[in-house]
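The values are calculated or read from the model by the stated rules, or taken from the named source; none is laboratory data. Everything numeric here is computed off the predicted structure, so don't read it as measured data. Counting neighbours? That spans all protein chains shown, and the Cβs are built from the backbone with ideal geometry, glycine included.
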Amino acid sequence: MQLRKAELRYHLTAHDYAQLAAWRLALRTFLRFSERAAAEVGLAAQQYQALLVVRGWAEERPVTISDLARELYVKHNSAVGLVDRLVQQRLLTRAISSADRRKVELTLTPHGRTILATLAALHRRELRRLGPVFKRFFADISRR
């Protein structure tokens, strides 16, 4: 990653560093919360993220394992293992695509929808709690 010359000339102040540190703390706080919330219902954080991807795309089109791998920044074989575990937990189903038999489409089960709805509500509540930190950061950084 490289900075443009104009960015290199910009002098970061003590406030800038404090702001970045606060932002990182807020992100880590949220991620730690997410890991714990998922663990309380027997999921890894990545499994929760996978359920979110499947549900988030549901209105657009069915999610394939390739889509899931791309969205989660994992290799295809890792996504297959993740899906295998979610199918075993009865949170997802998979079916061969009727449009392209080379593709496997993923769908949430009713149990998967229930678990995801609970976790998503908890995550939204935590984001509301952390919202003021995020708002301050974005308001301040957009002014500079």
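Going residue by residue through the range 61-71, is there one that turns out to be among the acidic types (Asp, Glu) and in contact with a Gly (Cβ under 9 Å, 6 or more places away or on another chain)?
The answer is yes, given that some residue of the range 61-71 is among the acidic types (Asp, Glu) and in contact with a Gly (Cβ under 9 Å, 6 or more places away or on another chain).
Can you name every one of the helices (runs of 4 or more DSSP H) wholly within the range 1-90 that holds 3 or more residues which are at pLDDT 90 or above?
Helices (runs of 4 or more DSSP H) meeting the threshold: 14-40, 45-57, 65-72, 76-88.
Can you name the number of the only condition in (1) of a type in the set (Ser, Thr, Tyr); (2) exposed (fewer than 13 other Cβ atoms within 10 Å of the Cβ); (3) on the phi < 0 side of the Ramachandran plot that residue 73 fails?
Residue 73 satisfies every listed condition except (3).
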